[in-house]
1. Only one of Leu460, Leu468, Leu371, Leu464 is surrounded by fewer than 20 Cβ atoms within 10 Å (Cβ to Cβ), more than 23 Å from Gln331 (Cα to Cα) and either among the small types (Gly, Ala, Ser) or out of contact with any Lys or Arg (no Cβ under 9 Å at 6 or more places or on another chain) (or both); which?
2. Which of the following residues is at pLDDT below 85 and assigned to a helix (DSSP H, G or I): Ala282, Ala309?
3. Does Leu168 satisfy the condition of being within 30 Å of Pro144 (Cα to Cα) and at pLDDT 70 or above?
4. Which of (1) touching a strand residue (DSSP E or B) at 6+ places or on another chain (Cβ under 9 Å); (2) under 26 Å from Leu418 (Cα atoms); (3) at pLDDT below 85 does Pro327 not meet, given it meets every other one?
5. Residues to consider are Asp443, Asp362, Asp408; find the one that is surrounded by fewer than 15 Cβ atoms within 10 Å (Cβ to Cβ), assigned by TED's automatic domain parsing to the domain that holds Ala486, acidic (Asp, Glu) and closer than 25 Å to Thr512 by Cα.
6. Kindly indicate whether Ala157 is in contact with a Phe, Trp or Tyr (Cβ under 7 Å, 6 or more places away or on another chain) and either in the same structural domain as Ile284 (by TED's automatic domain parsing) or under 30 Å from Ala282 (Cβ atoms) (or both).
7. Quick one: in the stretch 37-89, of everything that is surrounded by fewer than 16 Cβ atoms within 10 Å (Cβ to Cβ) and touching a residue at least 60 places away in the same chain (Cβ under 8 Å), which residue is nearest to Val130 (Cα to Cα)?
8. Which ones in the stretch 522-550 are in contact with a Gly (Cβ under 8 Å, 6 or more places away or on another chain), closer than 23 Å to Thr446 by Cα and crowded, with 19+ Cβ neighbours inside 10 Å?
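The values are calculated or read from the model by the stated rules, or taken from the named source; none is laboratory data. The structure presented is a predicted model; accordingly, all values stated were derived computationally and were not measured. Neighbour counts run over all protein chains shown; Cβ positions are idealised from the backbone, glycine included.
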Amino acid sequence: MTRQDDQATATELAELIGPERRALRRAAVLAGLAALIWPLQAALVAGALAGLLTDAAPLWSYAAGFALLGVLRALLNHWAEGIAFTAGLRVTSQCRAAIVAREACRSDGPAAGIIAALAAEKLDALLPYVSRYAPARARVMLVPALILALAFWQSWAVGVIFLITGPLIPVFMALIGWAAQTASQRQMAEIGSLNDLLVERLQALLDIRLLGAGEAVAHSFAEAADRLRAQTMAVLRVAFLSSAVLELFAAIGVAMVAVYVGFSLLGLLGFGSYATPLTPAAGIFLLLLAPEFYQPLRDLSAAWHDRAAALAVAVEWDEWQRRTDPPLLGQGAAAARLAGPADIVATGLRVRLGQHVLTLPDFSLAAGETLALLGPSGAGKTTLLRLLAGMLQPEAGHIRVAGQPLNDQTADSWRAGLGWMPQQPHFLNASLRHNLSLGRSGDLATVLRAVSMQDVIAGLPQGLATRLGEGGGGLSGGEARRLTLARALHARPEVLLADEPTADLDALTAETVTAGLLTLAASGCSLIIATHDEALAARMGRVIRLEAPV
């Protein structure tokens, strides 16, 4: 990763936590004030120990002062951590709410596993970053500089030791941090891929068992899990390496201060202090300050790995936000059907498909009429169906339904009278009875006979109480297609939009589906069918041929 990429990603992360920036600044100030108390406590401890050597002031005054400062420091730390943790919870909860709100209304997009991993797992990496990184950075900006000044005040030799060893820690931390960020991004990507793989395998679980492919699937899943394990271990290796480097420099720095102070107090070293030799109180004070000089840098190192993980999440969040989903008209909520006949008029429709702008023909369809959309793949047949369902918004042109424009105000009511028969059948995580009726009352036996599915349902383990996978696992493609047609027949829609209803079906099953569609049309339902099937198109009242964009 280049420095420019790192800066761009840091900007994305800053925008992600922007609403909580004020709370984080408050937490950082409190954490910094708490850290500044330690030099005062160190001075009290040094004075008390020096007093033991000279029988000076009573120890209780030093102990009382140390205890009071300790309580104040603990309260400030608790306050700062509480503010930072609450801000972190708000950031993660707001991001999750944004994902749920947007994904609930999208009509197309990436695989569900990637989005679920981002919302359920990866956003949790923001909490330790928000709650720990800002306070740690504040301590680094305040404490080392203050201790360095105090060290030079007591002994220029100790100040030089701090001045030489201190900057080495952030330098190595930055070098290792870039490697940590790259490893974290690879791990996050692997988590999303593994989630997608799991979702796909669960959806096809019944088919996998019927085909006897369990061993092969388990092997491929084990390989994916091993890749994730390897990426996780790579992150841990970088974390352990950085911790070892920082502990080494911190230990060397503290040891050098201890050696200098010890030899100075023994009279073996006569340099490093100013006009007078180093006193016991000053030596003890410097020894107590040495670990605290490096501690903020060590805390920032730990938080730096939290930052690397958060930066990896920020990259995925930015990609998710930049994704241009087809805008869904309406709210996707339940609504009453539009009043009046379900006439459709489409004029001047243009929509973008990738790099191409697709121009669709004008047409009108009166209630009860049937229409076939013929054309090669990519000509816009499915796109036109989605436009008519309000699942896409055209770049130009207008659609009028039941005498009203199709927009955010009318889309939900229009869809209440629509039937949708997708090319890839989809079922809810509920019983087959609920999938067919969707909570409506009616005679399911009649519609099952109309699509010749009564025997198939009778052969299922629990009949209509059977739960299918989202893709209709355990059923053939034709059986799943006929069930979606049965669902449409039961709902008695005013308009049915069918996408390739006879694709990849044998002749007998295709004829059954066609008969079911014609039965629905005979009841007064308008049919708009996107198909490659010339025989099916010939049985519709009208045919519109679409041309693929050049």
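1. Leu460
2. On the way: Ala282 fails: at pLDDT below 85.
Going through Ala282, Ala309 in turn, the sole match is Ala309.
3. Numbers: within 30 Å of Pro144 (Cα to Cα): yes; at pLDDT 70 or above: yes.
Criteria met by Leu168.
4. (1) is the only condition that Pro327 fails.
5. Of the residues listed, the single one that is surrounded by fewer than 15 Cβ atoms within 10 Å (Cβ to Cβ), assigned by TED's automatic domain parsing to the domain that holds Ala486, acidic (Asp, Glu) and closer than 25 Å to Thr512 by Cα is Asp443.
6. Numbers: in contact with a Phe, Trp or Tyr (Cβ under 7 Å, 6 or more places away or on another chain): yes; either in the same structural domain as Ile284 (by TED's automatic domain parsing) or under 30 Å from Ala282 (Cβ atoms) (or both): yes.
The answer is yes for Ala157.
7. Thr86
8. Hits for the stretch 522-550 are Cys525, Ser526.
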